[in-house]
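Novice: Let me give you the structure first, and then I'll get to my questions.
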Amino acid sequence: MIKGVALSILASCLFGLLYYYPVLLQPLSVVDIFCWRLLTSFPAIIVLILIEKQWSSISALFIRIKDQPFLLVGLLFSSFLLTIQMLIFIWAPINGHGLSASLGYFLLPLSMVVFGQIFYKERLSIFQKIAVLLASIGVILEIYITGAFSWETAVIALGYPIYFMTRRKLQIEGIAGTFSDFFFIFIGCLIYFLLHYPCNQIISDLSHFHIFIPMLGIITAIAFAMYFVARRLLPLGLFGLLGYVEPVLLTIVSVLFLHESVSSEHIVSYGLIWLSVCVLALEGILYLLRAVRRKRLK
């Protein structure tokens, strides 16, 4: 369990580093950085699959596509949804919207709870009801005070649940789903490079960022590897609780390294949303303590 916790936290730290990484690759455009990330990380993910001996899951996915050709449409849609999220992850920190994007990741666990109740009839606990109420008040205050709600916050908080619901509907959870999403995005990035990226531009990018571009793919692959191993080693409740580490780190990166700050008009609304996440985290901690106590009694 200690190894799983360490790997989960390290994976979150690497994703936090990736949040700052686009700054190191300027003046490359968002699309260029996105393509370089996919082109360098997909081969590393293939190596990860081979190391984890998960190729049978990938073979099974290809057999499903052969037997159910319409499944391909769903897989392409899943890849499209992930593409939007990955582009925002790159765009936000280099355009002064890092805090807004991190707020979307804070809202994500809450939106997942709400989507679960609406679409899967999952019952809310008292803690979840309090958290949803606090977050709702925070969002309403944000709209009332500023006259709008950051689109990047909304896309992250609402888009990811739709993405996860799509994967659940398609039954492509785990490493097979990750391979599928990255595979189609990789093909798209490769086509973009062939059509819009001359050879001299590729040589120029690699010469100017000869360390940063290869490391972009390596860091992505290592982060995913740690994430997958941690998920296998940890109880689901603890693994979910550690998921709150990443948005905290994204906020720290935005404030300390991207020099963003929470304005006075945002303090109350942001504070309520952050407090709602703390309520969910408290529920997770109490759940784990009860589970440990039950295990000791046995």
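Novice: Rule-of-thumb check for segment 86-173: C-alpha Rg over 2.2 N^0.38 Å?
Specialist: 1.17
Novice: Rounded to two decimal places and with Rh computed the Kirkwood way over Cα pairs, what is Rg over Rh for segment 1-99?
Specialist: Reported Rg/Rh (Cα atoms, Kirkwood Rh): 1.04.
Novice: Based on a Kirkwood Rh over C-alpha pairs, give the Stokes-Einstein translational diffusion coefficient of segment 218-298 at 4 °C and viscosity 1.567 mPa s in µm²/s. Could the numbers behind the result be given before it?
Specialist: Details: Rh = 15.3 Å.
The calculation lands on 85 µm²/s.
Novice: Starting from the Cα-Cα distance between I252 and I2, subtract it from 0.36 nm times their residue separation and give me the gain in nm to one decimal.
Specialist: Here the answer is 87.6 nm.
Novice: Between I185, I172, I203, find the one with the highest GNM mean-square fluctuation for the chain; connect C-alpha pairs within less than 10 Å.
Specialist: I203
Novice: Would you indicate which of (1) 238; (2) 143; (3) 160 is the value of volume of the Cα convex hull per residue in Å³ derived from the coordinates of this structure?
Specialist: (3)
Novice: If I build a Gaussian network model for the chain, linking alpha-carbon pairs within less than 10 angstrom, which residue out of S254, S263, S276 has the largest mean-square fluctuation?
Specialist: S263
Novice: State the cysteines of the chain left without a partner when partners are defined as other cysteines whose beta carbon lies under 4.7 Å away.
Specialist: C13, C199, C278
Novice: Continuing with this model, one more query. Relative to the present Cα-Cα distance, how much length would full extension add between I63 and I137 at 0.36 nm per residue of separation?
Specialist: 21.9 nm
Novice: Excluding same-chain residues fewer than 8 positions from K129, which aspartates and glutamates have a Cα within less than 17 Å of its Cα?
Specialist: Within the straight-line cut-off, K129 pairs with E283.
Novice: Sticking with this structure for a sec: So which DSSP H runs in the chain come out at 15 Å plus along the axis (Cα) with average Kyte-Doolittle of at least 1.6?
Specialist: Answer set is 2-24, 30-51, 71-94, 126-146, 174-196, 212-233.
Novice: Beyond 17 Å, what share of the Cα-Cα pairs of segment 220-263 is found? Please give it as a whole percent.
Specialist: Beyond 17 Å sits 48 percent of the P(r) for segment 220-263.
All of the numbers you see were taken from the coordinates with simple rules; none came from a lab. Values in this document were obtained by computation on a predicted structure and should not be read as measured data. FYI the Cβ positions are ideal-geometry reconstructions off the backbone, even for glycines, and counts take in every protein chain you see.
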